[in-house]
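Scroll down for the structure; my scribbles are underneath it.
The values are calculated or read from the model by the stated rules, or taken from the named source; none is laboratory data. Quick caveat: nothing in here was measured; it's all calculated off a predicted structure. Cβ placement follows ideal geometry from the backbone for every residue including glycine, while neighbour counts extend to all protein chains displayed.
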Amino acid sequence: MPIGRFDPAKTLDYPRFLAAGINVASQGGIIVMIEALFNQPNYLAAKKTLDAIEVRQQAINNNLANLETPGYKRVDLAPSFEQALQQAAGSRDAQALTSLTPTLAVDTTAKASGKDGNSVHLEQELMRMNQNSITHQLETQMVSNMLQKMRLAITGK
């Protein structure tokens, strides 16, 4: 049997496999399991959340770098992305999750505290940086656990 091809009737309880909620795409007799495993809504949502965490960290870095720049407006992850991510994750729509791209936007709720018009506050940015770090650790652990479960299911180890 060539690598990448297998006979599901001989190696896999196919109906039970599908009943477990793992969608398998069939293409010309080749079962594309790996792609199907990585297109599960939970995995995609966690991956997009990690992408958002990275973009938010870039925003925090920019905000801290421009802490004393007159007229600088604080930036953050676009609220529209957060709403779209929650909606797509809630509906478990893999295609919607895949199409999402985190972007930055000026934080319209941030108010300038000084005469220079800068809307970045050091204490708040440091707090957001800590929150972002904790969220990153949590999401990384969740993705790691998902991958460990997949490995266990595939190898039995």
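Quick notes on this structure:
- Contacts under 7 angstrom Cβ, first residue in the range 85-110 being not assigned by TED's automatic domain parsing to the domain that holds residue 49, partner modelled with pLDDT under 90 and exposed (fewer than 13 other Cβ atoms within 10 Å of the Cβ), 6 or more apart: none
- Among (1) loosely packed, with under 12 Cβ neighbours inside 10 Å; (2) out of contact with any Gly (no Cβ under 8 Å at 6 or more places or on another chain), the one test that residue 78 misses: (1)
- Among the criteria (1) of a type in the set (Asp, Glu); (2) in contact with a Lys or Arg (Cβ under 9 Å, 6 or more places away or on another chain); (3) modelled with pLDDT under 95, the one residue 125 does not fulfil is (3).
- Filter result for residue 74 (among the basic types (Lys, Arg) and within 22 Å of residue 130 (Cβ to Cβ)): yes
- Every residue from the range 102-131 that is exposed (fewer than 15 other Cβ atoms within 10 Å of the Cβ) and part of a helix (DSSP H, G or I): 122, 123, 124, 126, 127, 130, 131
- Subset tally (residues that are free of Cβ contacts under 8 Å to residues at least 24 places away in the same chain, in a helix (DSSP H, G or I) and either among the hydrophobic types (A, V, I, L, M, F, W, C) or surrounded by fewer than 13 Cβ atoms within 10 Å (Cβ to Cβ) (or both)) for the range 132-157: 14
- Selection count, the range 38-71, where residues are aromatic (Phe, Trp, Tyr) and either modelled with pLDDT of 95 or more or crowded, with 20+ Cβ neighbours inside 10 Å (or both): 0
- Selection of the range 50-72 for residues being free of Cβ contacts under 8 Å to residues at least 40 places away in the same chain and of a type in the set (Gly, Ala, Ser) yields only 65.
- Note on the range 53-94: residues that are of a type outside the set (D, E, K, R) and under 23 Å from residue 123 (Cβ atoms) amount to 20.
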